[in-house]
1. With each label point set 7 Å from Cα along the Cα-Cβ vector, what nm distance links B:Phe204 and B:Arg137?
2. Name the long-range amide H neighbours of A:Met221: under 5 Å, sequence gap of 5 or more, or other chain; modelled H, no Pro or chain starts.
3. Counting GluC sites (Glu not before Pro) as exposed when in a DSSP loop with at most 14 other beta carbons within 10 Å, what is the longest stretch of chain B free of them?
4. Rg and Dmax of the stretch A:81-132 over Cα atoms: what are they, in angstrom?
5. Rounded, prolate or oblate: pick one for chain B, where a ≥ b ≥ c are the square roots of the eigenvalues of its C-alpha gyration tensor, a/c under 1.5 means rounded, and failing that, prolate if a/b is larger than b/c, else oblate.
6. Comparing B:Phe267, B:Phe330, B:Phe281, which has the greatest mean-square fluctuation in the GNM of chain B with Cα pairs linked when under 10 Å apart?
7. How do B:Arg329, A:Arg94 rank when sorted from fewest to most other Cβ atoms within 10 Å of their own Cβ?
8. Give me the inter-chain shielding for B:258-265: mean count of other chain Cβ atoms within 10 Å, whole number please.
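None of the figures in this text is laboratory data; all of them are computed from the coordinates on show. Note that the coordinates shown come from a computational prediction; the quantities given were computed from them, not determined experimentally. With ideal geometry, Cβ positions are generated from the backbone for all residues, glycine too; neighbour counts draw on all protein chains shown.
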Amino acid sequence: MPESTEPNRPDTSAESTAQTTPEATAEPTAAAAADDATTRPAVTPTTDATAPLADPADEVTEINPDVDITPDDIGVPEVAEGERLLEVDDVTLRFGGVVALNEVSFHINKGEILGLIGPNGAGKTTCFNVMTGVYQPTSGGIRYLGKPLGKRKKFQITKLGIARTFQNIRLFANMTALENVLVGVDAHHSTGIGAAMFRLPKHRREEAQGYARAMELLTFMGLDGKADELARNLPYGDQRRLEIARALATSPQLLCLDEPAAGFNPAEKAKLMELIRTIRDQGYTVLLIEHDMKLVMGVTDRIVVLEFGRKIAEGSPAEIRDNPAVIAAYLGVDEEDAS
Amino acid sequence: MSTSTGTAASTKQRRLGFKERVNNLPRAVKILLWVVFAVFLFMLPLLNIPFITTEGSDFGGVLFTVATYVLVALGLNIVVGYAGLLDLGYVGFYAIGAYTVGVLSAEHAKLSWVVVVPIAIVVAMVSGVVLGAPTLRVRGDYLAIVTLGFGEIVRLTLVNSEWLGASRGISDIPKPPGVELFEVPSIDWSSGAPVVDLDTTSTFLKFGITDFVPYYWLALGVIALVLLFDILVKSSRVGRAWEATREDEDAAELMGVPTFRFKLLAFALGAAIGGLSGALFATKAGFINPQSFELLLSILFIAAVVVGGAGNRWGVIVGAIVVAYFPERFREFADFRVLVFGLALMLLAIFRPQGLLPPRRTVRAKRADARQAVLEEGEASA
C-alpha cells in the first residue's frame, strides 16, 4: 500500500526550520536541569522569557480536537466510568540492593487523569516499566481490569490496553509518521504472512481500517500534512505528538504519558494540557508523569507523589499542594532555619 | 534498461527521480516497458552483446551464478535489511539447501527434482527456525557472531560427515525434468553487426550439461516469484513489524509487536530463500562439496546486500549483480580480484555509505536533511 498510494508530499520546508531536534532537545534539558538544581516546582510562569530561535507560537502544531479518535473495541471487559481500571498493589522492585519501588500502592479510575509526580529518581518511570511489563515486580503486583497482569509479555500487555510513551522519544525514526502510527494500530491486527502474500480479504480489511484510524489520529494531532515525513525529520514537538498518536493507535484503556512536556515552551505546554484533556474526553484514561507542576496541577484529577520509591502522598491537586510531606520532598526541610 | 527508455523522458524532466518518471508514464506504456524488459532479460544470454558478455567463461553460466546471488541477496535482505538482524552465516542455509537436494536426489535416494526442491526449502526454513529460536534472544554484534559460528559449523559438519560425502562431496545430482517447447536462436556479432544465428540455439527448458541458459531461465522465474512475494509481504503488517523491530526493538514490543515472533519469521523466510538458491546451485552444478560453501561466500552475500543498499530490494539486486558479475567479466585481472574488490568497497564506503541504491527512507531523509541544512545556513547568516 505505501508504495502505490503515495500522496504528493507537501513541501514542508518552512515549518521544519527553526526548532529542529538538536537545538530543541539541547534547550529544554538545560531548562530541566535548572529546575532540578533548584529542586523547586516550576511554578514560575516564564511567558516572557528566553524566546530561543523563533517565535515559539509559530512552532505549535494546532490539534483538531473534533476528530473522533475514540478507542476501538479491543475485546477487553468494559469498565464503568469512575470504577477502578488498574491497581498497583504493594509493588516492590529491587535491583540488587537498590530498592527502586517500595510497597507502592495506588489505583487509577476509569476516565480520570492521574498525575504521578516526584523528584528525580523517585521511581516514576520505573513504576511505568512495571505496569507495562518491562520489569517484573519483586513482590506485589498489578491488577488490571480486576485481574492480575502476572508475567505477561510487553506486547501482550499492550494488547490488553495499556499503552505508553517514552521519556526520551523513541519513535521508529526511519519510518514515516503514518507508518509509525500504523504499527500501533497493527497491535490488534493479525494479518500474517499468508494473508499478506495472497492479499486475502483480512489483509485488505485490516489495512483499510488501520489506514483510516491512523489518518484520524494524525489529523487529530494536526500531523496529517506530515504523514509521509520520516519521523526523525519532524520537529521536536511533532515527534512528541506523534509518539502520543502512536500510543493512542493501540486503542488503550490506559494511556501512560512519560514526561510529555519535556522540552516544551510555555505555549506548547498549554497546548499539551488542552490535548491531554481532549484525549480524556474522547474516552481514554490517562496516567501522566510530569515534572512541570503547573501542568500537573492544571490538568490532573488526582495526584500520586513518589519519593525514593515510596508513595508519600495521594490526593487532589489542591491537597497535594498543601501537603507538608510533598513540600518537604520538593523543597527540602531545613531544621535550623525554621522561619 | 534505462539507456533506451530513460533518455527520452530525462531531457524533459531531469529533476524527477527515475521512479517518479516511470510512474508518470501512461499505464499501457509501463506494461509495455516491463514486457520489453522481461524479454530482454530472458534473451540476455543469447544476445551476446559485446563488452557485456563474458569472454572467458560461458555467459549463460555466469548469468546463472549472478541469478543465484540475486536470489540470495533478496533472501538476506529480508533478514538484514528489513528486520535488521546481521546474519554472517547465511551460507549455511545455502549449503543446507544444496545438500538436501544432493542427498535426496543422488546420494541416498533418487527422488525427483520437483519433489526435492520444496523439501530443500522446508529443511532450510526449519534450520533457520532451529538456529533462530535460541539465538534471536541476543542482539546486534552477538547475533552476528553466533550466526558466523553457524555457517562454519555447517561447513565443518559437511567436511567431517561420511554420510554427507565428507570432503569429496556429492556428485551426479540429476537434472530437473525438462520440456522441449521451442528453440531460441542466438545473435552472432562476429561480422561486426548483429546477425541471427540459427545454428547456435538454446532449447526452452531442456536442462542439459553443456547449455546453462535454461538454468538461467529457471532462476529468473524463481527470482520473479520471490520478488513478488517480497513486495506483497513487505507492504503489509509483517513488513512494518520488521521495520519497527529494526528501528527500536523495545519500543516495538511496547507498541504490541511480538518482536521475537517476527524476527524468527524473517530468519525462517530468509533461510528458505537461501536454501532455494542453494538448491538451484546444486541442480546446475551437478556436483557439490564443502569447498563450495566457504565463509568467504557469506561475506560476499553480505557484501551484495550492503553494496546495493540494505532494505531496498532493487538495491540489493544491483549489489548482487555487482558482486557476482564483475569478477567474472574481468577475469583477466583475476589475480587482482580481491584487491580491486576491496578497493571498490572502500570507495563505496566513502562515497555511498548507504549502498548504491539506498532505501527510499534514506534518500528521503537525506533530501530533508539537506533542505534543513540550507535553511539553517540562511538563518545563521541572516
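1. 5.4 nm
2. A:Asn64
3. B:181-382
4. 12.1, 40
5. Oblate, because a/c is 1.5 or more while a/b does not exceed b/c.
6. The residue that fluctuates most here is B:Phe330.
7. Least crowded to most crowded, the residues run A:Arg94, B:Arg329.
8. Other-chain Cβ atoms within 10 Å of each residue's Cβ, averaged: 2.
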